[in-house]
Amino acid sequence: MRHRRPDQNGPPVTASIRIDPGSTIGPVPRRLFGTFVEHMGRSVYGGIHDPAAPTADQHGFRADVLELVRELGATAVRYPGGNFVSGYRWEDGVGPVEERPTRLEPAWRGIEPNTVGLHEFAEWADEAGLELVEAVNLGTRGPAEAAELLEYANHPGGTTRSDERRSNGADAPFDIRVWCLGNEMDGPWQIGHKTADEYGRLAAETARLMRFIDPRVELVAAGSSNAEMPTFGVWERTVLRHTAGLVDHVSVHAYYEEQNGDVASFLASAVQLDRYLDDVAAIVDEVALETGTAPVGISVDEWNVWNQTRWNDVDKPRVLGGDFAIQPVIEDDYTVTDAVVVGSLLIALLRHADRVTMANLAQLVNVIAPIRCEPDGPAWRQSTYFPFQATARHARGVVVRPEIAVGRYATARYGEVPIVDAVATMSGDAASVFVVNRSLDEPVPARIELPGRWRLIEAVTLDAPDGADRHLTNRAGDERVRLRPLDGVRVAQAQDAVVEVTLPELSWTMIRLARTEDAA
């Protein structure tokens, strides 16, 4: 299918993108570029932590993985789950490592040796430059256990739990600011699954107790597991009514995949994310008005591309029907197409910077992750690494909503959608424009207009390398899918600056500009 105008008989597609610095959406939330590490598969054991790996440090953490995590530029990390947290006893992961229990891990049918717990992970996150976001178990446990963990982590000393932390080697508090109140509690697959009223009441009581202990905490209530849940909407309204005035954020989880060869709809995944976020924002406003409380933020605390169909139909029966073991789980190989979709999802998140307070690419290493590694081999970057890294590094200041004029194409799931999507950020005299071309086989000539005088700093794109197709993936020692310089970009200077660029077919592009008093 060629993505031309709907009548298929018009001229080739062109795009006009007008950026008005006055059309601001809001500041770029730095927590928008968070990530997620769960105790599942080879995310922790065999991922960030592998004492047998050639690059392991004295604590067993892989130096090559740590280097790529730092380079990725993520700002926060949600931990330790995920489905895992709903059966987790945090006490198992503190104290002398040799005295910690080994447990069956039922959520992913794993074995949990508890070698890595709060102390080890907090130290690793600090070395990686990541703010630690902690999740509490509201599946098999409740307010009392969450309060004890908060006391252990944040209270300076002089109590049983805080002194226990000090005796375990952390004299200063971890001072964790953001806490997730459980995970996907609406899902029948969740350990301790609850109704909206059951969870809402539990979350409210937990939040109230945690605020008694540390009034500075930010709390995230668990929203629906996805927009297709039969209770979506009703769940959010019920939970937010129970927790009004007690929580700061409500969570959204969003995963996308190419289904039955419908690549047109897959490339338009950001359209669904836009609608999902708009729906949740409307519910937040409705409940805030009803309860007389301030609207909470939206935490997209899990989002990514994930081949869920393969997981449900092939891997899940094998993994959950087999022996308990630390084993590979959902280690998807990401393609050019996947990376373009990830880039477009980042555009949608930025477009909602006035409502989305946090977001976590799920996950970080090996498990549906931008970073992969093997026990006896190096760590490497998957295709999805690159749009995330570039956006995290260069999306600064405020988000600006551009005016986009471009043709549309038909999708089976979302109707007609724009062939090109874009967003911009501006910080002082610097601007970054992020653009996706969803066409499978047509480059799109584009004009990007900005008032004033600007010069080009950098133009890079991610697309299929010459001779490769959209299914190309990276491997250890072979990272062919990555950002490349985009040639032929020209800045014409009249009353306004006009960036003339041809967007490659199936591509994600970043253009960086600097304001200048001189002609370009």
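Tabulated values for the structure
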| quantity | calculated |
| --- | --- |
| Subset of region 349-375 [closer than 18 Å to E479 by Cα and open to solvent by 10 Å² or more (accessible area, probe 1.4 Å)] | R372, E374 |
| Positions within region 119-140 being more than 22 Å from T357 (Cα to Cα), open to solvent by 10 Å² or more (accessible area, probe 1.4 Å) and either touching a Lys or Arg at 6+ places or on another chain (Cβ under 9 Å) or polar (S, T, N, Q) (or both), in sequence order | H119, E127, N137, G139, T140 |
| Filtered residue count, region 67-82, keeping only those that are in a helix (DSSP H, G or I) and surrounded by fewer than 21 Cβ atoms within 10 Å (Cβ to Cβ) | 3 |
| Residue, surrounded by the most Cβ atoms within 10 Å (Cβ to Cβ), within region 447-456, restricted to residues that are among the charged types (D, E, K, R) and assigned to a strand (DSSP E or B) | E449 |
| Flag for G187 being touching a helix residue (DSSP H, G or I) at 6+ places or on another chain (Cβ under 9 Å) and within 17 Å of D301 (Cβ to Cβ) | yes |
| Some residue of region 87-94 being modelled with pLDDT of 95 or more, surrounded by fewer than 18 Cβ atoms within 10 Å (Cβ to Cβ) and either in contact with a Phe, Trp or Tyr (Cβ under 6 Å, 6 or more places away or on another chain) or farther than 19 Å from T384 by Cβ (or both) | yes |
| Single unsatisfied condition, R109 versus (1) modelled with pLDDT of 95 or more; (2) open to solvent by 20 Å² or more (accessible area, probe 1.4 Å); (3) under 25 Å from N183 (Cα atoms) | (1) |
| Pairs where the first residue, in region 364-391, is more than 26 Å from E458 (Cβ to Cβ) and the second is basic (K, R) and assigned to a loop (DSSP other than H, G, I, E, B), C-beta under 6 Å, 6+ apart | N366/R42 |
| Qualifying position, being of a type in the set (V, I, T), open to solvent by 10 Å² or more (accessible area, probe 1.4 Å), under 13 Å from S507 (Cα atoms) and touching a residue at least 40 places away in the same chain (Cβ under 8 Å), among V460, V444 | V460 |
| Count of region 474-507 residues which are of a type in the set (A, V, I, L, M, F, W, C), within 23 Å of D338 (Cβ to Cβ) and assigned to a loop (DSSP other than H, G, I, E, B) | 5 |
| Cβ pairs under 7 Å, 6+ apart, first in region 8-27 and β-branched (V, I, T) and at pLDDT below 95, second open to solvent by 20 Å² or more (accessible area, probe 1.4 Å) and in a strand (DSSP E or B) | V13/V406; T14/P445 |
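Quick grid of which residues meet (1) open to solvent by less than 60 Å² (accessible area, probe 1.4 Å); (2) at pLDDT 95 or above:
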position	(1), (2)
G467	no, no
R484	no, yes
D496	yes, no
E505	no, yes
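The values are calculated or read from the model by the stated rules, or taken from the named source; none is laboratory data. Keep in mind that what you see is a predicted model, and the values were worked out from it rather than measured. Glycine gets a Cβ as well: all are built from the backbone with ideal geometry, and neighbour counts include every protein chain shown. The accessibility values were calculated without ligands, DNA or RNA, using every heavy atom of the protein model including side chains. Shrake-Rupley method; radii C 1.70, N 1.55, O 1.52, S 1.80 Å.
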